[in-house]
Amino acid sequence: MAILKDELEQSSPSVPSSLTQPPEIKLPGRKTPLLSAEELAELDQHDALVIDHVSKHFVKSGGMRLFRRGDAQKHGHKIVRAVDDITLTIHRREIMGVLGSNGSGKSTLIRLISTLLIPDKGTVEVFGHNVVTEERAVQRLINRVSVEAAFFRKLSPLENLLYSARLYGIPAGEARQQVFEILTRLGIKPDRIRQPLENMSRGMQQKVAIARAFLTAPILLLLDEPTTGLDPRSKQDVQVFVRELRDTHDATILLTTHDMDEAEALCDRIAIIDGGRIVALDTADALKRRVAEQQGLDREATLTEVFMTYTGRDWEEDEAEEEDDDE
Amino acid sequence: MIETKSAGGPLVGMIRSVGREANKSYAFVERGWYLTKRYWAWELVWIVYNVVNALSITFIATVPSVHLTPAQVNQFILYLAIGTAVWTYVSVVFDNVTETVTMERWEGTIEYTFMAPVSRLTHMLGTCLFALLHGLLLTALQLVVLGLFFHLDLSQANWGMTLVILLTGSISLIGLGTVSAVLPMLFTERGAQMAYIIRAVMLLVSGVYYPVTVLPGWLQAFSKVTPTTYMLDGLRQSIQGVPVHNVQQPATISMLWPDIWPLLICGVVLIPLGQYIFHLAERYAKRTGKLKRNG
Ligand SMILES: Nc1ncnc2c1ncn2[C@@H]1O[C@H](COP(=O)(O)OP(=O)(O)OP(=O)(O)O)[C@@H](O)[C@H]1O
Ligand SMILES: [Mg+2]
C-alpha cells in the first residue's frame, strides 16, 4: 500500500484552491435558504467529506454449499467485503470521481456517506458532522442520485418531487416552480410532469431522479452513475448542471460512473477502487501519465487504459483467473 | 433572506421548528392522498369489501329470538355496527401504514425517505395521520351505508365524548402502526402479511363482536392491555348510552373515565415504544444493508 500513500500525498496540491468564496446556497428561484447564516459560515471550517479507514461487509446467505473454506462459509454464508479500509478526503467545491468495476463497492461507499448504511469500522464526516452520530445534520447537507430511479411510479414527477421537497423543508409553491424549471431544462415536456411516472422511459425517469437531488441544492451531492441510460445530449445537460451546481452554489460532488469521458470531463480528481479498496487517486492527467510510464507507452494513456491497469481487468488476466478456477 | 437561528428568541424558534416539522409531516399526508387518488380502483374494492363485511356481521343481530325485545335487538344491531366500524378503522390504519412502507421498499423510495432530514417521529406521525384520516372517512362511509339497512338507535349518543374516545384511542393506534411498519421494512416479501397477526390478536381479545367477558381468563388478561378494548367499550357507551336503572342514558365523562385513562396510558407508552422499536429496526437494517431494493 506504499503506492497508495504516495498517491494520496501527491494528489493534495492538485486540489482547486477556490475554496474561500462566500457561499450563497440558492438555486435559481430558491427563496428559502435551507441553511442558516451560522451554519453556512461553519461549513467553511471543514473539508466537505472525510472518510477515515471505513469498512463495510455484508453477509450473503449463499444457499447450502458444502466443502467451502473458512468459518463463515461453513454455514453457507459468504462474507463480501464491499468497502475495505477506505480513506479519502474531498475538499469543498471539488468534483471527485470514483471509478471501479461492477461490485467494487462504489455504491456501498455512497450509501455509507448518505446515512443509509452504518460502517463496521472507521468514520465518515460530512462538513465535520459524523454520519452516524449526527445523522440529521448530515442529511440536511446532502442528496443522492442512484442508478435506479426510485419513485412512486403511479405518481407524477411533480407529485414525487413535491413530496421530497417538503421533506427538505422547501415550501410547496417554490418547489413546484423549481420542478418545472429543472425538468424543462433537462428536456422533459411540461405536460409529462403531471402524468404518472410509470409511462416515462428509463432515461426520462433518471432525469426526474436528478431533478430530485438538484431541487434541494445539496452542498454535498452524491451521484451514483447518474447518467447511465441517458442519451448523449442529456448526458451533457446533466454535466452542465453538475458544474453549475458546483460553480454557483459551492457544491461538492462525488460521482461514480462507468463513462470514462464523463469522468474526464467533470472530475478534478479520480479515485479508482477495486475490491473495496482505493488503488489509485489523482487527477485524470496524472493517472494517465503514470500509466503511460508504467507501460512504457510513447503516448499518453487513455482513462480506459488507466481503469484497466488499476482494476486488473486486462483480458489476459481475466483468462488467467478463469484457468485458476478450473483447477 | 438569510435566516438566523436566534431571531425572535427561543420561543419563536421553537414554534418555527414545530411548524417546519408539521410541514414535513404533511408531506406524508399529501403523498398518501396522491397515492389514494392514483389507486382509486383499489380504494373502491376496499370500501365495498369493508361495507359488505360489516353488513354480513350486523345481520347476525336480526336473527329472530324470543329472548330479545325489539329495543334489545336495536341495541345489538348498534353493538355490532360499532364493532365493525372500529374494526374497519383499525384495519384501514394498519393496512395503510404497512402498505406504504411495503410500497416504499418495492419502489426503492425508502432510501430517499430515510436519507431526508426528517425525524422518525415526524415521519411516522405523518404516515399514521393520513392513515387515521383515511380510516375515519371509510368508517363514516360504512356507517352511513349500514344506516340504510338497519335502524341505528342513536338517541342516547354523546358525540362530544365519542370524539374524545376516538382521539385518545387513535394515539395508541399511531404507536401500534409504527410497530407494524417495522415488519414490511425488514421483510420485503411477507412483512405486510405478518402485520396481520397484530390485528388478528386485537380482533380476538378486544371484544369487537362479543364482550370480552366471554373469553377465557388468560385471554382476558390480553384484553386488559390492548387499547382497542377500551376504545370499543368507550365508543359503545358514548354512542349507545349507559343503562341507569334499566334506562339508557347518554354517557358522561365520569362514566367513560375507566376507558379514557387506560387509553391515555396506552398512548403515552405506545408512541415512544413504537419509536424505540422502529429505531432498533432501522439500525439493524442500516447495519445489514436491508434497505437496499434487491436484497
Ligand atoms: N445491501 C447489500 N446486501 C448485501 N450485499 C451487498 C449489498 N450492497 C452491496 N452488496 C455487495 O457488495 C459488493 C459491492 O457492491 P456495490 O453495489 O457497492 O458495487 P458497485 O461498485 O456499485 O457496482 P456497480 O458498478 O455494479 O454499480 C457487491 O458484491 C454486492 O453484491
Ligand atoms: Mg453501483
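Taken over segment A:181-220, the residue count meeting the criterion of being open to solvent by 50 Å² or more (accessible area, probe 1.4 Å) and in a helix (DSSP H, G or I) is 10. Look at B:Phe150 and say whether it is closer than 14 Å to B:Ala181 by Cβ and surrounded by fewer than 23 Cβ atoms within 10 Å (Cβ to Cβ). It is false that B:Phe150 is closer than 14 Å to B:Ala181 by Cβ and surrounded by fewer than 23 Cβ atoms within 10 Å (Cβ to Cβ). Annotation: of all residues in segment A:163-176 being more than 23 Å from the chain's Cα centre (by Cα) and more than 7 Å from chain B (Cβ to nearest Cβ), the one that is surrounded by the fewest Cβ atoms within 10 Å (Cβ to Cβ) is A:Gly173. Given the structure, is A:Gly203 within 16 Å of ligand 1 (Cβ to nearest atom) and of a type in the set (Gly, Ala, Ser)? It is false that A:Gly203 is within 16 Å of ligand 1 (Cβ to nearest atom) and of a type in the set (Gly, Ala, Ser). Being within 14 Å of another protein chain (Cβ to nearest Cβ), away from ligand 1 (no atom under 16 Å from the Cβ) and over 13 Å from the mean Cα position of the chain (by Cα) is a description that applies to A:Leu215. There is at least one residue in segment A:137-145 that is more than 8 Å from every other protein chain (Cβ to nearest Cβ) and part of a strand (DSSP E or B).
Test B:Thr102 against the stated conditions and say whether it is over 17 Å from B:Val144 (Cβ atoms), within 14 Å of chain A (Cβ to nearest Cβ) and open to solvent by 10 Å² or more (accessible area, probe 1.4 Å). Here the answer is yes, as B:Thr102 does meet what is asked. Taken residue by residue, segment A:297-316 has no member that is part of a strand (DSSP E or B) and within 16 Å of ligand 1 (Cβ to nearest atom). When you go through (1) within 16 Å of ligand 1 (Cβ to nearest atom); (2) among the polar types (S, T, N, Q); (3) more than 23 Å from A:Leu245 (Cβ to Cβ) one by one for A:Ser146, which number turns out not to apply? Here A:Ser146 clears every test but (3).
Inside segment A:76-96, residues that are within 16 Å of ligand 1 (Cβ to nearest atom), open to solvent by less than 20 Å² (accessible area, probe 1.4 Å) and under 21 Å from A:Ala280 (Cα atoms) make up a count of 5. If you scan segment B:105-124, which residues turn out to be facing chain A (nearest Cβ under 10 Å) and closer than 21 Å to A:Glu134 by Cβ? Across segment B:105-124, the qualifying residues are B:Glu111, B:Tyr112, B:Thr113, B:Phe114, B:Met115, B:Ala116, B:Pro117, B:Val118, B:Ser119, B:Thr122, B:His123.
Residues of segment B:239-295 being in contact with a helix residue (DSSP H, G or I) (Cβ under 6 Å, 6 or more places away or on another chain) and within 16 Å of ligand 2 (Cβ to nearest atom), which ones? The answer is B:Leu291, and nothing else. Within segment B:59-76, does at least one residue satisfy the condition of being closer than 19 Å to B:Tyr230 by Cα and open to solvent by 50 Å² or more (accessible area, probe 1.4 Å)? Scanning segment B:59-76 turns up at least one residue that is closer than 19 Å to B:Tyr230 by Cα and open to solvent by 50 Å² or more (accessible area, probe 1.4 Å). Considering only residues in segment A:97-123 that are more than 16 Å from ligand 2 (Cβ to nearest atom) and open to solvent by less than 20 Å² (accessible area, probe 1.4 Å), the one that is nearest to A:Phe307 (Cα to Cα) turns out to be A:Pro119.
Scanning segment A:291-317 for residues that are surrounded by fewer than 14 Cβ atoms within 10 Å (Cβ to Cβ) and closer than 14 Å to A:Gly97 by Cβ yields a single hit, A:Thr304.
Does B:Ala81 satisfy being open to solvent by less than 10 Å² (accessible area, probe 1.4 Å) and more than 30 Å from A:Leu167 (Cα to Cα)? Taking the combined requirement at face value, the residue satisfies it.
The values are calculated or read from the model by the stated rules, or taken from the named source; none is laboratory data. Quick caveat: nothing in here was measured; it's all calculated off a predicted structure. Cβ atoms come from the backbone with ideal geometry, glycine included; neighbour counts cover every protein chain shown. Just the protein is used for accessible areas: all its heavy atoms, side chains included, with ligands, DNA and RNA removed. Shrake-Rupley method; radii C 1.70, N 1.55, O 1.52, S 1.80 Å.
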